[in-house]
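Data block below; observations after.
The values are calculated or read from the model by the stated rules, or taken from the named source; none is laboratory data. Nothing here was measured: the structure is a model prediction, and the numbers come from that model. All Cβ positions, even for glycine, are placed from backbone atoms using ideal geometry, and neighbour counts span all protein chains on display. The accessibility values were calculated without ligands, DNA or RNA, using every heavy atom of the protein model including side chains. Shrake-Rupley method; radii C 1.70, N 1.55, O 1.52, S 1.80 Å.
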Amino acid sequence: FAATRLDLIRRHQSGELPFWDLPFREAEISDVERFAASARKRFRNFVVLGIGGSALGPVALHQALNHPQHNLLPEEQRAGCRFFCPDNVDPDLIGAVMDVAPPEETLYNVVSKSGGTAETAAQFLLILDVLKRKLGDQWRDHLLLTTDPNKGLLRQFAERERVQTFPID
């Protein structure tokens, strides 16, 4: 146990484990809280587009913190938007989410550190096409990208298109 603890401390100090500092990033936490408060007022649905850990983490938190039938509760009994995470590229699954969560009422959070994960990119390109066709110039308002703070395809896209982002270590 002591050796593992020392190894973790060494790795954190070398910058290898930046997630350990997340609870102390007060400015980032405030930015996320402000954005979330605004999103709760504007959207009925929150859809996470991601695969693997980018989907499992949000699903685990949703299941741990919300009512087991969160999405079925009346709006006044729910603490926020309905939550969906189609962690798959199956067109039937994505289509089913879109059937119950129309783009006009939905915020899509694309989660990929690299910005180049094939499955997430496929989900993103599909949703981006639908948003542009259905919402015209307002499509950007329905996107949030959680990605590397400095590099990658999603970062480049966000900077070029002026889409809201949050960093992921």
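Hey, which of the helices (runs of 4 or more DSSP H) in the range 1-99, taking only ones fully inside, have at least 1 residues that are out of contact with any strand residue (DSSP E or B) (no Cβ under 7 Å at 6 or more places or on another chain) and over 22 Å from PHE166 (Cα atoms)? Please lay out each step first, then the result.
On the way: elements: 2-13, 26-42, 53-65.
Answer list for the range 1-99: 2-13, 53-65.
Residues checked against (1) under 22 Å from ASP31 (Cβ atoms); (2) surrounded by 15 or more Cβ atoms within 10 Å (Cβ to Cβ); (3) in contact with a helix residue (DSSP H, G or I) (Cβ under 7 Å, 6 or more places away or on another chain):
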| position | (1), (2), (3) |
| --- | --- |
| ALA55 | no, yes, no |
| LEU61 | yes, no, no |
| PHE83 | yes, yes, yes |
| VAL89 | no, yes, yes |
| ALA101 | no, yes, no |
| GLY115 | yes, yes, yes |
| GLU119 | no, yes, no |
| PHE157 | yes, yes, no |
| ARG162 | yes, no, yes |
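What about ARG140, is it farther than 23 Å from SER38 by Cα and surrounded by fewer than 17 Cβ atoms within 10 Å (Cβ to Cβ)? Give the steps one after another, and end with the answer.
Values: farther than 23 Å from SER38 by Cα: no; surrounded by fewer than 17 Cβ atoms within 10 Å (Cβ to Cβ): yes.
Considered against the rule, which asks whether it is farther than 23 Å from SER38 by Cα and surrounded by fewer than 17 Cβ atoms within 10 Å (Cβ to Cβ), ARG140 comes out as no.
Just need a number here: residues in the range 63-81 that are open to solvent by 60 Å² or more (accessible area, probe 1.4 Å) and among the small types (Gly, Ala, Ser).
2
Restricting attention to the range 100-142, which residues are polar (S, T, N, Q) and part of a strand (DSSP E or B)? Don't jump to the end; show me each part of the working.
Going residue by residue through the range 100-142, those that are polar (S, T, N, Q) are 106, 109, 112, 114, 117, 120, 123, 138.
Within the range 100-142, THR106, ASN109, SER112 meet the criteria.
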